[in-house]
1. Could you pull out every residue, at least 5 positions away or on a different chain, whose amide H is within less than 5 Å of the one on ASN114? Hs are placed 1.01 Å off N in the peptide plane, and Pro or chain starts have none.
2. Need one number for region 41-157: average projected area of the convex hull over its C-alpha atoms, nm².
3. Can you figure out the FRET efficiency of ASP102 with ASP135, using R₀ = 35 Å and their beta-carbon distance, to the nearest 0.05?
4. From the backbone phi of region 83-91, what are the Karplus-calculated ³J(HN,Hα) couplings (6.51 cos²θ - 1.76 cosθ + 1.60, θ = phi - 60°) in whole Hz, Gly and Pro given as x?
5. With a 1.4 Å probe and all protein chains left in place, how much accessible area per residue does region 81-154 have, in Å²?
6. Check cross-link reach from LYS124 to the lysines: straight Cα distance under 28 Å, and skip same-chain residues fewer than eight apart.
7. Hey, what do the phi angles of region 50-55 turn into as Karplus ³J(HN,Hα) couplings, whole Hz, using 6.51/-1.76/1.60 and θ = phi - 60°, x for Gly and Pro?
8. Translational diffusion coefficient, Stokes-Einstein: compute it for region 81-143 using the Kirkwood radius over C-alpha pairs as Rh, at 10 °C and 1.306 mPa s, and state it as an integer in µm² s⁻¹.
Amino acid sequence: MTTAMQSLSATSSYSVGFGFPPNFTTPQTRLHRRPVVVIAKADEPSDKSVEIMRKFSEQYARKSDTFFCVDKGVTSVVIKGLADHRDTLGAPLCPCRQVHYDDKAAEASQGFWNCPCVPMRERKECHCMLFLTPDNDFAGDEQAISLEEIKELTANM
């Protein structure tokens, strides 16, 4: 077992850290420290924001004649990501491009990648697979999703 923890690249909403403060020692660990890894779930977006983004998604799908993914888990994760950005940034910044943002706040203020993003508005191209055209192989036949479905499908994430 190593005594140092390596940085992990992750795309989930979980954080990893030591279970004890750095100065904590027991008789067994005074000579050889063994880190304890604790996985803690990061803050969830507010139910209010999830509900706002859910309603927006349903309305925009109807307005744009697009459909949710046949796998509603995809739809649920994207809606929660939009709600999280709404809470933290004040705008529904596209959650699927997170690795491309140098400064999320600046991106949110520019608006290009705020949902619905410019590619979606101009060409009906949704990189998140939230809004799919009927000819897309992954398009389902629904334009509605309940808050309960979102919670259930994202409960173990």
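The values are calculated or read from the model by the stated rules, or taken from the named source; none is laboratory data. Just so we're clear, the structure is a prediction, and the values are computed from it rather than from any experiment. Here the Cβ positions follow ideal geometry from the backbone for every residue, glycine too, while neighbour counts run over all protein chains shown. The accessibility values were calculated without ligands, DNA or RNA, using every heavy atom of the protein model including side chains. Shrake-Rupley method; radii C 1.70, N 1.55, O 1.52, S 1.80 Å.
1. It is CYS94, by chain and number.
2. Values: hull surface 27.9 nm².
Answer in nm², one decimal: 7.0.
3. On the way: r = 34 Å, r/R0 = 0.99.
Step by step, r from the Cβ atoms, then E = 0.50.
4. 5, 4, 5, 4, 5, 8, 10, x, 8
5. Numbers: 4220 Å² over 74 residues.
I get 57 Å² per residue for region 81-154.
6. Here the lysines satisfying the reach criterion relative to LYS124 are LYS48, LYS55, LYS63, LYS72, LYS80, LYS104, LYS151.
7. So the J values, rounded to whole Hz, are 4, 5, 4, 6, 5, 5.
8. Details: Rh = 12.3 Å.
Value of D from the Cα-based Kirkwood radius: 129 µm²/s.
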